[in-house]
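One structure is given here, and the rest of the page talks about it.
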Amino acid sequence: MNDNVRDQYEAYPYPSRDPADEAKRLVVGSPSNLLEVNHYLFGGRRDFTKPFRALVAGGGTGDASIMLAQQLANAGNTGEVVYLDLSTTSRGIAEARAAARGLTNIRFVTGSLLDVESLDLGLFDYIDCCGVLHHLSDPEAGLAALTGALAPDGGMGLMVYGTYGRSGVYPLQDVLRQLVGDRALAEQVSYARRLLANLPPTNLFARNPVLRDHTGSDAELVDLLLHSQDRSYTVEEISGLVRGCGLRLISFIEPLRYDPATYVKDPVLLRQVGSLTPDGRAAVAEKLAGNLKTHVFYVSKRPATDTLAWPDGPEAIPCLRVLDGAQLAKAVQRDLVLKGEFDGLSLKFPLPRLATAVLPWIDGNTTLGEIQRALQDLDPRQDWDHFKAQFDQLYQVLGGLNHLLIRYAV
């Protein structure tokens, strides 16, 4: 990263975080939730009680580092999380957050991810690089450097900006650069707020309903509109970036948002879509939706068939990432429809008849076989084949929305 980028994060550490809030909540998200990491990168079979090394490349104010370190500590893991960032101000906030939680499994390093080899940090089972590659002058070099630090059977969780969902950002960045780009950053913030208050309704930024980051703190405004170096990616460009570094794209998050069938129901059109490659279908979905402002995805040195977990048999353990099964069952019991808002787009997903009976059993410890047998005790018709067909329909929806993940006992 150039000096301007470093100076920006020293003055406006991002995202804005208060260490005192650690007493109230753990900030969670994607990528890097341990259930996700296990599901997408280790076939659901990773034993997190054994040593596990994770690198957070571009740690910022600490969201991913704190989440990973806390979840590893909860699992009794003896490994470590290495936090790496150029900004000493951001590092200070992340360290204060770790101290507030009493976390001792984070190693804090100041430096660039481009220098990860010379920093002699060793190899990592997992690397998080969220919101960083698109701020590098050479993102390919950045991803290549991280690939070199990845263990042969490891994987990464990445996030980069999405081109179509950021419609209006770059013209506004250009305007501000032209008008006040030579002024101090604090002055630029003031002018940016004035400009936002005076945008005509026809302006692309003003018409984009998914761009709301700037309504928070000044740090969010600076990162969105006053960044000295950023770019965005389409699905095709991400595929090229990943392949160029010898990696394989395992899955986008949430998978259903990258499925054209989520947006188009016409069977004739869907037959045409069915002839495309997985990357081609994801690219079509991105263009149809038009509201993907970021792309979160998992990559590995191994093929998807070797990493992604599936609910193949009775020994599979279904896990809800953040939802509560019993509460979700009550919420959908009347019409068996899951409703959601996805960056301004309202979507509805029908659930199978057995959903309300299955959901309360999903606790992250009970196997599919145990759930099926419990339901069969209540209704002899619920043999394995009938149960599995119903569960697969449930998994198609909840798994596709990244709510339902799979692990196996190890």
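Which percent of the accessible area of the chain is formed by carbon and sulfur heavy atoms (probe 1.4 angstrom)?
It is 51 percent, rounded to a whole number.
So for the stretch 238-333, Kirkwood radius off the Cα pairs, Stokes-Einstein at 20 °C and 1.002 mPa s: how many µm² s⁻¹?
135
Semi-axes of the stretch 46-150's equivalent ellipsoid from the Cα gyration tensor, sqrt of 5 times each eigenvalue, largest first, rounded to whole Å?
Equivalent ellipsoid of the stretch 46-150: 22, 17, 10 Å, largest first.
Using Cα-only point scatterers and the Debye equation, what is log10 of I(q)/I(0) for the stretch 47-103 at each q in 0.15, 0.18, 0.21, 0.29 Å⁻¹, rounded to two decimals?
Debye curve over Cα of the stretch 47-103, log10 I(q)/I(0) at q = 0.15, 0.18, 0.21, 0.29 Å⁻¹: -0.39, -0.55, -0.72, -1.15.
Please compute the per residue accessible area over the stretch 130-178 with all protein chains in place, 1.4 Å probe, rounded to a whole number of Å².
On a per-residue basis, the stretch 130-178 sits at 32 Å².
So how compact is the stretch 337-382: Cα radius of gyration and Dmax in angstrom?
Cα radius of gyration and Dmax of the stretch 337-382 are 14.3, 44 Å respectively.
Based on the Cβ-Cβ distance from Asp385 to Ser346, what FRET efficiency comes out when R0 is 60 Å, to the nearest 0.05?
Here the calculated transfer efficiency is 0.95.
Putting +1 on Lys and Arg Cβ atoms and -1 on Asp and Glu Cβ atoms, find which of His39, Ala289, Gln173 reaches farthest to the positive end of the dipole of the chain.
Ala289
Using Stokes-Einstein with the Kirkwood hydrodynamic radius over Cα pairs, what translational diffusion coefficient do you get for the stretch 285-410 at 25 °C and a viscosity of 0.890 mPa s, in µm²/s rounded to a whole number?
Rounded, D is 154 µm²/s.
If you wrap a convex hull around the Cα atoms of the chain, how much volume per residue is inside, in Å³?
156
Report, in deg cm²/dmol and to the nearest 500, the calculated mean residue ellipticity at 222 nm for the chain, where each DSSP H run with n ≥ 4 adds -39500 (n - 2.57) and the sum is divided by the residue count.
Estimated from H runs of four or more residues: -11500 deg cm²/dmol.
Convex hull volume of the Cα atoms in the stretch 193-300, per residue, in Å³?
Cα-based convex hull of the stretch 193-300, divided per residue, equals 135 Å³.
Enumerate by residue number the trypsin sites (Lys or Arg not before Pro) in the stretch 7-36 meeting two conditions: DSSP loop (anything except H, G, I, E, B), and at most 11 other Cβ atoms within 10 Å of the site's Cβ.
Here the sparse-neighbourhood loop sites are Lys24, Arg25.
How charged is the neighbourhood of Leu146? Take every other residue with its Cβ under 12 Å from the Cβ of Leu146, and add Lys/Arg as +1 and Asp/Glu as -1.
-3
Past 28 Å, Cα to Cα: identify those pairs from Lys301/Lys348; Lys339/Lys388; Lys301/Lys339; Lys287/Lys339, in the order given.
Pairs exceeding the cut-off: Lys301/Lys348; Lys301/Lys339.
Could you do me a favour and compute the accessible area per residue for the stretch 1-118, 1.4 Å probe, result in Å²?
Value for the stretch 1-118: 40 Å² per residue.
The values are calculated or read from the model by the stated rules, or taken from the named source; none is laboratory data. These numbers come from a predicted model, not from an experiment. Methodologically, a virtual Cβ is constructed for each residue, glycine included, from the backbone with ideal geometry; neighbour enumeration extends over all protein chains shown. The area values use the complete protein model at the heavy-atom level, side chains included, leaving out ligands, DNA and RNA. Shrake-Rupley method; radii C 1.70, N 1.55, O 1.52, S 1.80 Å.
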